[in-house]
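I have a structure here, written as structure tokens, and I will follow up with some questions on it.
The values are calculated or read from the model by the stated rules, or taken from the named source; none is laboratory data. Being a predicted model, the structure only gives us computed values, none of them experimental. Every residue, glycine as well, gets a Cβ built from its backbone with ideal geometry; the counts of neighbours run over all protein chains shown.
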Amino acid sequence: MSRSLHRRDFLKTSAALAAYGALPAVGRTASPGSKLRTAHVGVGGMGGSDLRSIASHPQVEVAALCDVDSARLEAAAKLFPQARTFRDYREMFAAMGDKVDAAAVSTPDHTHAPAAMTALNHGKPVYCQKPLTHEVHEARQLRLAAAEKDLPTQMGIQVHAHPAYRRATQMIQDGVIGKVSRVLAWSNKNWGYDGPAFTKFDEVPETLAWNLWLGTAEERPFKKSVYHPGSWRRLVDFGTGTLGDMGVHIFDTPYRALQLTAPLWARTTCREPTGVGHPEKNTVEYEFPGTQYTTSTMRWSWFDGADAPPPADKLGLPEGFKLPGQGSLFVGEGGSLLLPHVSEPQVFADGKLREVTRPEISPLNHYHQWVDACLGKGEPSAHFGYAGPLTEALLLGVVANRFPGQKLQWDADQLQVTNLPAASELLRKTPREDFAVKGL
Ligand SMILES: NC(=O)c1ccc[n+]([C@@H]2O[C@H](COP(=O)([O-])OP(=O)(O)OC[C@H]3O[C@@H](n4cnc5c(N)ncnc54)[C@H](O)[C@@H]3O)[C@@H](O)[C@H]2O)c1
């Protein structure tokens, strides 16, 4: 697919080319045997799972694999021996050019935007893990770039397709509990670190290209069990704490069901910032403008770590009711709806469980939905036009935990915390020069 071709033009061109039997890969819906050639950035951990799920689509051919850890790259290459392998995604996109049609990004959070924007700049549709980005500004830029280029995108929130979550969305929109005035959402996971800055460093493992792993972040020595793999989540320079990690999944259904937009403000209760890790426990309050499914305004309260789950009394639940470790509770004018994480919704009114009609929900494969869209069929439901504003709202809470107790007044149009310039400065970072990407 030509880099400058927009999708609508592209599909038109595909139809014209089909007449001559010569089709580029993306959009070849007319030819059932055609393949979508994919490139994957980050193929260990969740990236391995994303790779297998995307490749399980019968029209996918894995063409390129990229990982900064050669051990993880080799393990993935064993599964897809025909794919070319790379350590640096910039080299991969430059070398593969029109030999790949679409890209998946499953790296640590701080590399989502640079890798995804590089793919978009090369005209590739993108699947990108959650949260969409590490910085608020990056989420805005990815959304705008995907819209401008009219490319199919999907954020990696597979629960968005889960029948229980879609059923809850439908029940809320059908008015099962009336208009919603408040949502409580929580995760008892602890992806924070309250300790001091690190000392005593370790040799970089032979398999790891540490400078590439750091990417846009400032250089620093390596330390075992702190960054790679997985532990980066706890650290402000790389991850987004429990709110960014689990909040995206748990925020998703209320955000979608209530058709929320940008919050009016956010305020966190947590320890003072250390500049190193995210807080180990954290409570964030937001207020959103009202929508057709809410009262005139809507309060949203998030609880994580040892702050989760929140106290269950005064919520209209049966006496002594124990909330699950992760989930959300919609409080409506006519009762409340509990949505335990990845489990069926339950409705309560007057302190009792209430039997309600449950809408039928058809199965949906979140990964294949994106592949199909790349092939010209349908639209992904967690595209960047949806995932961008959801991520912006969530990351505002992450910024707020650097200013505990202060209400951050949010102007989403201007992308500014209007009452606290120091918070506005945390919406955007300056990348290391070598890793700067056009558009971010
Ligand atoms: N949707 C879900 O349910 C779910 C679950 C787990 C993780 N995730 C998301 O997946 C992403 C990865 O998380 P993880 O737990 O697998 O982390 P991880 O650290 O275990 O794995 C990251 C992988 O990316 C590779 N990598 C790191 N930097 C890279 C770069 N610049 N270029 C290429 N490869 C690079 C690493 O070597 C590793 O193989 C995160 O964004 C996380 O939020 C989503």
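Could you check TYR127 against (1) over 16 Å from LYS438 (Cα atoms); (2) part of a helix (DSSP H, G or I); (3) aromatic (Phe, Trp, Tyr) and say which number it fails?
Among (1) over 16 Å from LYS438 (Cα atoms); (2) part of a helix (DSSP H, G or I); (3) aromatic (Phe, Trp, Tyr), TYR127 violates only (2).
Taking the range 47-71 as the search range and keeping residues that are among the charged types (D, E, K, R), more than 17 Å from GLY97 (Cα to Cα) and not in a helix (DSSP H, G or I), which one is farthest from the chain's Cα centre (by Cα)?
Within the range 47-71, the match that is farthest from the chain's Cα centre (by Cα) is ASP69.
Evaluate the range 43-65: report whether one residue or more is touching a residue at least 12 places away in the same chain (Cβ under 8 Å), of a type in the set (Asp, Glu) and out of contact with any strand residue (DSSP E or B) (no Cβ under 8 Å at 6 or more places or on another chain).
Within the range 43-65, not a single residue is touching a residue at least 12 places away in the same chain (Cβ under 8 Å), of a type in the set (Asp, Glu) and out of contact with any strand residue (DSSP E or B) (no Cβ under 8 Å at 6 or more places or on another chain).
Okay, next question. Out of THR111, THR133, I need the residue that is within 13 Å of the ligand (Cβ to nearest atom), part of a helix (DSSP H, G or I) and closer than 23 Å to LEU235 by Cβ. Which one?
THR111 is the lone residue from the list that is within 13 Å of the ligand (Cβ to nearest atom), part of a helix (DSSP H, G or I) and closer than 23 Å to LEU235 by Cβ.
State which residue is surrounded by the fewest Cβ atoms within 10 Å (Cβ to Cβ) when the search covers only the range 269-279 and only residues that are closer than 21 Å to SER328 by Cβ and over 21 Å from the mean Cα position of the chain (by Cα).
Per the criteria, the residue is THR269.
Tell me whether the range 298-318 contains one or more residues that are surrounded by 15 or more Cβ atoms within 10 Å (Cβ to Cβ), within 21 Å of the chain's Cα centre (by Cα) and among the charged types (D, E, K, R).
Checked against the condition, which is being surrounded by 15 or more Cβ atoms within 10 Å (Cβ to Cβ), within 21 Å of the chain's Cα centre (by Cα) and among the charged types (D, E, K, R), the range 298-318 yields at least one hit.
Return only the number of the condition from (1) modelled with pLDDT under 95; (2) within 16 Å of the ligand (Cβ to nearest atom); (3) not polar (S, T, N, Q) that GLY27 does not satisfy.
Exception for GLY27: condition (2).
For GLY123, work out the one condition from (1) more than 20 Å from GLN369 (Cβ to Cβ); (2) at pLDDT below 95 it doesn't fulfil.
(2)
Would the range 151-168 turn up any residue that is among the aliphatic types (A, V, I, L, M), in contact (Cβ under 8 Å) with a residue 60 or more places away in the chain, away from the ligand (no atom under 16 Å from the Cβ) and over 30 Å from PRO273 (Cβ atoms)?
There is at least one residue in the range 151-168 that is among the aliphatic types (A, V, I, L, M), in contact (Cβ under 8 Å) with a residue 60 or more places away in the chain, away from the ligand (no atom under 16 Å from the Cβ) and over 30 Å from PRO273 (Cβ atoms).
Conditions tested, residue by residue: (1) farther than 19 Å from MET46 by Cβ; (2) basic (Lys, Arg).
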{"residue": "GLN141", "(1), (2)": "yes, no"}
{"residue": "LYS149", "(1), (2)": "yes, yes"}
{"residue": "ALA161", "(1), (2)": "no, no"}
{"residue": "ARG166", "(1), (2)": "yes, yes"}
{"residue": "VAL176", "(1), (2)": "yes, no"}
{"residue": "SER181", "(1), (2)": "yes, no"}
{"residue": "LYS189", "(1), (2)": "no, yes"}
{"residue": "LEU212", "(1), (2)": "no, no"}
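State whether the residues of the range 82-99 include one that is of a type in the set (Lys, Arg) and part of a helix (DSSP H, G or I).
yes
What is the residue count in the range 160-179 for residues that are over 26 Å from GLY376 (Cβ atoms) and in contact with a helix residue (DSSP H, G or I) (Cβ under 7 Å, 6 or more places away or on another chain)?
Residues in the range 160-179 being over 26 Å from GLY376 (Cβ atoms) and in contact with a helix residue (DSSP H, G or I) (Cβ under 7 Å, 6 or more places away or on another chain): 5 in total.
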